[in-house]
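Please read the structure below before turning to the comments.
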Amino acid sequence: MTDIVDPVFFADCAARVFFDQVANKWSVMILTLLNEKAMRFNEMKRSMEGITHKALTQALRKMERNGLINRTVLATSPVAVEYTITEHGRSLQKPFSAMYDWVIDHLDDIEKAQEAYDSSQVGLNENGRLQQ
């Protein structure tokens, strides 16, 4: 039997690269923030607990490269940068909202599954073998 692999699973597939760059917690949060209003870098950083300067910079660059956000240098003193969501980026709000709603609707089930899994792992090492 020949295994047929969907091209989307190829390592160099553009869709796979896009998912890797955009379908992560920081990108989803950034796009959600920018859907409400234009924001400056530090304002976004303060709005997202736990994000590092480096992680925010990387996420913004990837989203700008993919056409999801615009970066505008403001002629102020000192110079400031403002980020806005593009229409392309705004089109992701519907699927992101659906995913968010799904998580909220299933949060109790997810937490129960995590607790059951975690309790079944007691006494096992990282390879799934009994600890000695």
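See the values below:
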item: First in segment 12-26 and more than 13 Å from residue 63 (Cβ to Cβ), second anywhere and part of a helix (DSSP H, G or I) and not hydrophobic (A, V, I, L, M, F, W, C), Cβ under 6 Å, 6 or more apart; result: 13/7
item: Count of residues meeting criterion [under 12 Å from residue 29 (Cα atoms) and among the acidic types (Asp, Glu)] in segment 39-62; result: 1
item: Residue within segment 73-93 that is at pLDDT 85 or above, open to solvent by 40 Å² or more (accessible area, probe 1.4 Å), among the aromatic types (Phe, Trp, Tyr) and on the phi < 0 side of the Ramachandran plot present; result: no
item: Restricting segment 37-61 to residues that are open to solvent by 80 Å² or more (accessible area, probe 1.4 Å) and basic (Lys, Arg), the residue that is nearest to residue 93 (Cα to Cα); result: 37
item: Hits in segment 62-72 (condition: surrounded by fewer than 15 Cβ atoms within 10 Å (Cβ to Cβ) and in a helix (DSSP H, G or I)); result: 65
item: Unmet requirement for residue 31, which otherwise passes all of (1) within 25 Å of residue 103 (Cβ to Cβ); (2) without any contact (Cβ under 8 Å) to a residue 60 or more places away in the chain; (3) open to solvent by less than 50 Å² (accessible area, probe 1.4 Å); result: (2)
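The values are calculated or read from the model by the stated rules, or taken from the named source; none is laboratory data. None of these values were measured; they are calculated from a predicted model. When we count neighbours, we look across all protein chains shown, and the Cβ atoms used for this are built from the backbone with ideal geometry, even at glycine. Note: areas computed on protein heavy atoms with side chains; ligands, DNA, RNA excluded. Shrake-Rupley method; radii C 1.70, N 1.55, O 1.52, S 1.80 Å.
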